[in-house]
Amino acid sequence: MGPCLFLLGYSAMRHKLPININPLSIRLPITALVSITHRLSGLLVFVLLPGVLWAFYHSLKSPESYAALRESLSTPWMAFLIWLMWSAFWFHLLAGVRHLLMDVHVGMSLIAARRSAALVWVFTLAGSVGLALRLMGAV
């Protein structure tokens, strides 16, 4: 930034910059969507992990606490939370493996990166639908 822009202030430069206050109108490439969603799924897994550890503790505490836990987890709301947790974990795992492979320079071309990002979404969708069917008792 030159001294003239500093003396004029940013107002001379500010009006030329594009202004977009709606983040949903920005079309991101599939690779960026996987990267951003990987971070969000990691946050979701981190937030839900204490509940998973609590349930694991009560499942091993005694046969009575296991029966009570199993009964409380059979509600539709808890089935949804279980589905959400496992879907987020599954996506995070697949996207994490993809990122690790790219860290060691496997699939670094643009075409390979797009294909691997699409595969992450396809496998996540398939796993989430399969889990939903299993939780609903269809499978």
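The values are calculated or read from the model by the stated rules, or taken from the named source; none is laboratory data. The structure presented is a predicted model; accordingly, all values stated were derived computationally and were not measured. Cβ coordinates were reconstructed from backbone atoms using ideal geometry, including for glycine residues, and neighbour counts include every protein chain displayed. For accessibility, only protein heavy atoms count, side chains too; no ligands or nucleic acids. Shrake-Rupley method; radii C 1.70, N 1.55, O 1.52, S 1.80 Å.
A quick yes/no check of all residues on (1) surrounded by 12 or more Cβ atoms within 10 Å (Cβ to Cβ); (2) touching a helix residue (DSSP H, G or I) at 6+ places or on another chain (Cβ under 6 Å); (3) outside any helix (DSSP H, G or I):
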{"position": "TRP54", "(1), (2), (3)": "no, no, no"}
{"position": "SER59", "(1), (2), (3)": "yes, yes, no"}
{"position": "MET78", "(1), (2), (3)": "yes, no, no"}
{"position": "LEU81", "(1), (2), (3)": "yes, no, no"}
{"position": "ALA88", "(1), (2), (3)": "yes, yes, no"}
{"position": "LEU93", "(1), (2), (3)": "yes, no, no"}
{"position": "ARG98", "(1), (2), (3)": "yes, yes, no"}
{"position": "VAL106", "(1), (2), (3)": "no, no, yes"}
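Taking each residue of region 17-36 that is under 17 Å from LEU100 (Cα atoms) and looking for partners that are among the small types (Gly, Ala, Ser) and part of a helix (DSSP H, G or I) with beta-carbon atoms closer than 6 Å, six or more apart or interchain, yields THR31/ALA113; THR31/ALA117; VAL34/ALA95; VAL34/ALA117.
Name the single residue, out of those in region 61-76 being in a helix (DSSP H, G or I) and among the polar types (S, T, N, Q), that is surrounded by the most Cβ atoms within 10 Å (Cβ to Cβ). Step by step, filter region 61-76, then rank; the result is SER65. Just one of the numbered conditions (1) part of a helix (DSSP H, G or I); (2) open to solvent by 40 Å² or more (accessible area, probe 1.4 Å) is not true of VAL45: (2). Scanning region 84-127 for residues that are without any contact (Cβ under 8 Å) to a residue 60 or more places away in the chain and basic (Lys, Arg) yields one hit, ARG115.
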